1. Cβ-Cβ below 7 Å, separation at least six or inter-chain, first residue in region 84-101 and within 12 Å of L116 (Cβ to Cβ) and in contact (Cβ under 8 Å) with a residue 12 or more places away in the chain, second hydroxyl-bearing (S, T, Y) and away from ligand 2 (no atom under 14 Å from the Cβ): which pairs?
2. Residues that are surrounded by 15 or more Cβ atoms within 10 Å (Cβ to Cβ) and not acidic (D, E): does region 30-44 have at least one?
3. Can you name the number of the only condition in (1) exposed (fewer than 14 other Cβ atoms within 10 Å of the Cβ); (2) within 13 Å of ligand 2 (Cβ to nearest atom); (3) among the hydrophobic types (A, V, I, L, M, F, W, C) that I113 fails?
4. Looking at region 102-117 only, could you name the residues that are free of Cβ contacts under 8 Å to residues at least 24 places away in the same chain, not in a loop (DSSP other than H, G, I, E, B) and not acidic (D, E)?
5. Among the residues of region 63-89, write down those that are polar (S, T, N, Q), part of a loop (DSSP other than H, G, I, E, B) and near ligand 1 (Cβ under 10 Å from one of its atoms).
6. Based on what the data block shows, is P10 part of a loop (DSSP other than H, G, I, E, B) and within 16 Å of ligand 2 (Cβ to nearest atom)?
7. Assess whether P57 counts as being more than 13 Å from K115 (Cβ to Cβ), surrounded by fewer than 13 Cβ atoms within 10 Å (Cβ to Cβ) and either modelled with pLDDT of 95 or more or more than 16 Å from ligand 2 (Cβ to nearest atom) (or both).
8. The conditions are (1) within 15 Å of ligand 1 (Cβ to nearest atom); (2) at pLDDT below 95, and C92 fails exactly one of them. Which is it?
Amino acid sequence: MPAILPYVDPDPGSQAKKAVEDAEKHVEWAKKDRESMEATLKIAFGSALRQMGVSEPKEDEGPACNVCLEGYNKEDRHECTLHCGHRSCHKCLTGLPEKLCPICRKEFTNEQIIKLF
Ligand SMILES: [Zn+2]
Ligand SMILES: [Zn+2]
């Protein structure tokens, strides 16, 4: 009767290691998939915007009011400056509860709101 030898894995942990490697590969693929999907979406979104005649939003898209963060226009959001030199749109300056510069809190009057071109 042969002796029953206990089963010895020649390389214990190799199965587990392989499983981990496989899992890592899958994570890597999933990541690549997501990246390419995001890139595709970005391109599609950008071209859709361009087709609609909307330019892509940029960080440095000209001056904007630092109170309402809207770009200046020639209507209600006319770019204005105060005697302290800070700028804001006309709508924000005239709509302030107190006549204080929104940046340095210097007092001003409506006559001191200078409209810029
Ligand atoms: Zn504003
Ligand atoms: Zn100011």
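The values are calculated or read from the model by the stated rules, or taken from the named source; none is laboratory data. None of these values were measured; they are calculated from a predicted model. Heads up, the Cβs are rebuilt from the backbone with ideal geometry, glycines too, and the neighbour counts pull from every protein chain shown.
1. Taking only residues 6 or more apart or on different chains, the pairs are C89/Y72.
2. So the first thing to find is which residues in region 30-44 are surrounded by 15 or more Cβ atoms within 10 Å (Cβ to Cβ), and the list is none.
Taking every residue of region 30-44 in turn, none turns out to be surrounded by 15 or more Cβ atoms within 10 Å (Cβ to Cβ) and not acidic (D, E).
3. (1)
4. Scanning region 102-117 gives a single hit, N110.
5. Of everything in region 63-89, just one residue is polar (S, T, N, Q), part of a loop (DSSP other than H, G, I, E, B) and near ligand 1 (Cβ under 10 Å from one of its atoms), namely N66.
6. On the way: part of a loop (DSSP other than H, G, I, E, B): yes; within 16 Å of ligand 2 (Cβ to nearest atom): no.
When the stated conditions are applied, P10 does not pass them.
7. Details: more than 13 Å from K115 (Cβ to Cβ): yes; surrounded by fewer than 13 Cβ atoms within 10 Å (Cβ to Cβ): yes; either modelled with pLDDT of 95 or more or more than 16 Å from ligand 2 (Cβ to nearest atom) (or both): yes.
When the stated conditions are applied, P57 passes them.
8. (2)
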